[in-house]
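Contents: one structure, followed by commentary.
The values are calculated or read from the model by the stated rules, or taken from the named source; none is laboratory data. Since this is a predicted model, take the numbers as computed values, not measurements. Glycine gets a Cβ as well: all are built from the backbone with ideal geometry, and neighbour counts include every protein chain shown. Each accessible area value is taken on the protein alone, full model and side chains, heavy atoms only, with ligands, DNA and RNA left out. Shrake-Rupley method; radii C 1.70, N 1.55, O 1.52, S 1.80 Å.
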Amino acid sequence: MSWFEKLIPSRIKIEASNKRTVPEGLWAKCPGCSAVLYRAELERNLEVCPKCGHHHRIGARRRLDVFLDPDAREEIGEDLESTDPLKFKDLKKYRDRLAQAQKQTSEKEALVVMRGQLKRIACVAAAFEFSFMGGSMGSVVGERFVRGVEAAIEDNAALVCFSASGGARMQESLFSLFQMAKTSAALGRLRERGLPFISVMTDPTMGGVSASLAMLGDINLAEPHALIGFAGPRVIQQTVHETLPEGFQHSEFLLEHGALDQIIDRREHRDRIGRMIAMLMRRPRP
Amino acid sequence: MDLNFLEFEQPVAELAAKIDELRHVGDDNEINIAEEIAHLETKSRELTKQIFSSLTPWQISQLSRHPLRPYFLDYAQRIFEDFEELHGDRAFADDSAIVGGLARLDGRPVMLIGHQKGRDTKEKIYRNFGMPRPEGYRKALRLMQMAERFGLPILTFIDTPGAYPGVGAEERGQSEAIARNLQVMAGLAVPIVATVTGEGGSGGALAIGVADRLLMLQFSTYSVISPEGCASILWKSAEKAQLAADAMAITSDKLNELAMIDGVVPEPLGGAHRDMEAMVATLKATLIAALDELDTLDAAQLQALRYERLRGYGRFKA
């Protein structure tokens with residue numbers, strides 16, 4: 001409770017809590033500054049709080065839509081779907097989890113890849129859909145990513161990936177672990193061709209995704225205050241039995257420790273990444 | 001309970017105790033007792049065979065972490081000659097959870113890299129329970145690139161619960177260190193043979209595991225997350241680790257069936273630790289054969305085939 005709230009007489013405070021009866025979906029509360037925001041305004045602002053700049057999560061398709069030039073886009077690997085090679089079942093069947101995620105997100109998998117242009121420069125862009133099983137990387141995510149890399153090589157294009165993932169997809173076990181090697185190897189080929197890869201880490205980028213494609217950017221960027229790391233903070237806490245440093249595993253912490261080139265506000269991604277790619281590819285200013 | 005035996009081996013442990021007892025009282029009527037011992041030993045072998053013919057994935061997982069299981073340095077000293085350990089990442093520290101160095105395999109110079117666990121409490125702590133920090137992976141990378149410069153094949157030995165989840169490890173870029181190894185290993189111009197000897201724990205294992213030949217010892221495991229970790233996330237209880245071990249296909253036979261690995265190296269009856277000499281001989285022969293096979297390829301072929309392998313990982317439908 002802030003000092004100001006403490007001053008408010010309790011009678012008024014109760015009225016304030018009655019606000020919860022407002023129809024859901026019209027308003028959103030910012031976890032950054034607790035401001036109540038008009039949903040439509042938040043959306044217009046690319047899901048960034050206009051009051052405090054907190055970056056809310058944004059869907060993969062929306063992100064690519066506002067990032068790439070509007071024309072000449074083509075989705076890559078959209079027809080690929082997960083199979084269930086291990087017939088995996090925990091408390092729920094993997095198949096059912098997939099079906100549920102597909103229904104909830106209207107996506108077939110946790111990564112969307114598009115070839116197109118960024119400020120008139122050929123660009124392949126990929127974005128993780130975190131609400132699809134935590135953006136976890138299974139066979140399809142890996143395959144779509146690699147097809148994206150291959151498309152970039154074919155088009156002589158830059159590659160940009162927006163990561164948002166809890167890591168590898170446990171339900172595909174070793175198939176999923178080996179996607180780390182597969183995606184990293186493909187990025188090695190892109191590198192040999194002298195084509196730039198810009199990795200943008202968003203909240204959260206953890207585990208197998210962080211420890212493969214996300215950290216291999218020629219330029220590593222992040223959104224403000226994103227959780228980025230290999231092991232989850234809870235696992236680390238349980239291992240080391242000490243309180244974790246302030247801001248541990250957040251973008252600002254990673255920048256300070258040399259893991260990132262920059263932290264860039266989502267609203268500037270298109271312009272700033274466009275500018276960097278143009279320089280790396282020795283093109284005129286966009 | 002005899003700690004050298006796992007829970008499911010207790011019937012064998014009881015027989016072993018009985019044999020031991022007989023040996024101690026053996027002086028009086030020697031003939032009968034010798035007969036009895038021989039009889040019990042046969043029985044013990046039969047029982048072991050029986051138990052080991054139908055192990056569950058969870059039991060195999062316990063075997064892969066057996067406190068007496070041979071570790072990397074046991075193999076380094078027995079399979080190879082002239083082992084010269086090389087230390088440090090040249091930037092921050094020497095990580096004792098990953099050991100590397102030059103050695104000869106049947107006369108031929110090679111580069112060895114392996115996770116190293118400790119035997120007693122003191123050594124366990126020194127080796128950080130076989131959980132590497134970024135400097136371990138960066139040392140491995142340095143040695144692998146050195147091997148490439150000098151045209152030496154690389155042999156790696158995987159046995160780790162995973163990369164170390166610690167504050168310093170994160171600060172120094174655990175993710176980047178692992179990712180970099182994956183990318184560089186994919187393109188090295190020398191043969192790489194990786195063998196999972198114990199626990200193949202996730203990204204921490206894979207970071208020295210990108211290879212032209214991937215082998216697993218019979219009772220080793222390889223998985224994206226430990227059975228306990230998987231159980232605590234998906235089953236909301238670490239005690240369901242047995243179920244997670246079943247579901248994840250972590251054993252050598254399963255992964256061989258799924259064509260995720262190139263071969264299973266059979267272990268002596270009762271596991272590698274019951275007969276280290278036999279294990280060493282089998283593994284040595286297997287490694288020599290694997291390198292002989294890879295010798296027929298030039299660098300470009302090797303790189304192309306390795307990329308094809310990596311490119312092919314995954315199952316999906318269009």
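Details
- When B:L55, B:L86, B:L68 are checked against the criterion of being open to solvent by less than 60 Å² (accessible area, probe 1.4 Å) and within 24 Å of B:A16 (Cα to Cα), a single residue qualifies: B:L55.
- Cβ pairs under 8 Å, 6+ apart, first in segment B:226-239 and more than 21 Å from B:A163 (Cα to Cα) and within 11 Å of chain A (Cβ to nearest Cβ), second open to solvent by 40 Å² or more (accessible area, probe 1.4 Å) and in a helix (DSSP H, G or I): B:W235/B:L243
- Those residues of segment B:117-155 which are crowded, with 21+ Cβ neighbours inside 10 Å and more than 23 Å from B:F80 (Cα to Cα), in sequence order: B:N128, B:M131, B:P132, B:R133, B:P134, B:E135, B:R138
- If the condition is being within 11 Å of chain B (Cβ to nearest Cβ) and either open to solvent by 50 Å² or more (accessible area, probe 1.4 Å) or in contact (Cβ under 8 Å) with a residue 60 or more places away in the chain (or both), then segment A:92-115 contributes A:K92, A:K93, A:Y94, A:R97, A:K108.
- As for segment A:186-194, it holds at least one residue that is more than 7 Å from chain B (Cβ to nearest Cβ), open to solvent by 10 Å² or more (accessible area, probe 1.4 Å) and assigned to a loop (DSSP other than H, G, I, E, B).
- Count of segment B:301-318 residues, restricted to those that are modelled with pLDDT of 95 or more, assigned to a loop (DSSP other than H, G, I, E, B) and at the interface with chain A (Cβ under 7 Å from one of its Cβ atoms), is 3.
- Each residue in segment A:35-91 was checked for being in a strand (DSSP E or B), surrounded by fewer than 19 Cβ atoms within 10 Å (Cβ to Cβ) and within 14 Å of chain B (Cβ to nearest Cβ), and 3 pass.
- Number of positions in segment B:155-179 that are touching a Leu at 6+ places or on another chain (Cβ under 7 Å) and either more than 12 Å from chain A (Cβ to nearest Cβ) or in contact (Cβ under 8 Å) with a residue 60 or more places away in the chain (or both): 1
- Filtered residue count, segment B:254-286, keeping only those that are surrounded by fewer than 15 Cβ atoms within 10 Å (Cβ to Cβ), under 25 Å from B:I51 (Cβ atoms) and within 14 Å of chain A (Cβ to nearest Cβ): 1
- None of A:F178, A:F162, A:F145, A:F132 is crowded, with 24+ Cβ neighbours inside 10 Å, within 7 Å of chain B (Cβ to nearest Cβ) and either over 21 Å from the mean Cα position of the chain (by Cα) or aromatic (F, W, Y) (or both) except A:F178.
- All of B:I60, B:I19 fail the test of being open to solvent by less than 70 Å² (accessible area, probe 1.4 Å), in contact (Cβ under 8 Å) with a residue 24 or more places away in the chain and more than 22 Å from the chain's Cα centre (by Cα), apart from B:I19.
- Residue-level analysis places B:T121 among those that are more than 28 Å from A:P245 (Cβ to Cβ) and without any contact (Cβ under 8 Å) to a residue 40 or more places away in the chain.
- Residue count, segment A:71-91 (criterion: hydrophobic (A, V, I, L, M, F, W, C), free of Cβ contacts under 8 Å to residues at least 60 places away in the same chain and under 30 Å from B:L255 (Cβ atoms)): 1
- Considering the conditions (1) farther than 30 Å from A:L111 by Cα; (2) open to solvent by less than 50 Å² (accessible area, probe 1.4 Å), B:K240 is excluded by exactly one of them, (2).
- Being assigned to a strand (DSSP E or B), within 28 Å of B:P161 (Cβ to Cβ) and within 22 Å of the chain's Cα centre (by Cα) is a property that B:A103 has.
- Of the set (1) touching a Phe, Trp or Tyr at 6+ places or on another chain (Cβ under 9 Å); (2) in a loop (DSSP other than H, G, I, E, B); (3) open to solvent by less than 30 Å² (accessible area, probe 1.4 Å), all apply to B:G114 but (2).
- Enumeration of residues in segment B:103-129 that are in contact with a helix residue (DSSP H, G or I) (Cβ under 9 Å, 6 or more places away or on another chain) and more than 18 Å from B:I178 (Cβ to Cβ): B:A103, B:L105, B:D106, B:R108, B:V110, B:M111, B:L112, B:K117, B:G118, B:K124
- Within segment B:281-299, the set of residues being in a helix (DSSP H, G or I) and without any contact (Cβ under 8 Å) to a residue 40 or more places away in the chain comprises B:A281, B:T282, B:A285, B:A289, B:D292.
Each row is one residue, and each column tells you yes or no for (1) facing chain A (nearest Cβ under 7 Å); (2) buried (at least 24 other Cβ atoms within 10 Å of the Cβ).
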{"position": "B:N181", "(1), (2)": "no, yes"}
{"position": "B:M185", "(1), (2)": "no, yes"}
{"position": "B:A194", "(1), (2)": "no, yes"}
{"position": "B:E199", "(1), (2)": "no, yes"}
{"position": "B:L206", "(1), (2)": "yes, yes"}
{"position": "B:R213", "(1), (2)": "no, no"}
{"position": "B:L217", "(1), (2)": "no, yes"}
{"position": "B:S220", "(1), (2)": "no, yes"}
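- Selection within segment B:287-296 - open to solvent by 40 Å² or more (accessible area, probe 1.4 Å) and either touching a helix residue (DSSP H, G or I) at 6+ places or on another chain (Cβ under 8 Å) or not aliphatic (A, V, I, L, M) (or both): B:D292, B:E293, B:D295, B:T296
- When the residues of segment A:223-248 are filtered to those that are within 18 Å of B:A177 (Cβ to Cβ) and surrounded by 20 or more Cβ atoms within 10 Å (Cβ to Cβ), the one that is nearest to the chain's Cα centre (by Cα) is A:I228.
- Taking segment B:42-70 as the range and being part of a helix (DSSP H, G or I), of a type outside the set (A, V, I, L, M) and under 23 Å from B:A247 (Cβ atoms) as the test, the residues that pass are B:F52, B:P57, B:W58, B:Q59, B:S61, B:Q62, B:S64.
- Members of segment B:159-179 found to be in contact with a His (Cβ under 6 Å, 6 or more places away or on another chain), open to solvent by 20 Å² or more (accessible area, probe 1.4 Å) and within 26 Å of B:L305 (Cα to Cα), listed by number: none
- Flag for A:E252 being over 15 Å from A:F162 (Cα atoms), without any contact (Cβ under 8 Å) to a residue 24 or more places away in the chain and open to solvent by 10 Å² or more (accessible area, probe 1.4 Å): no
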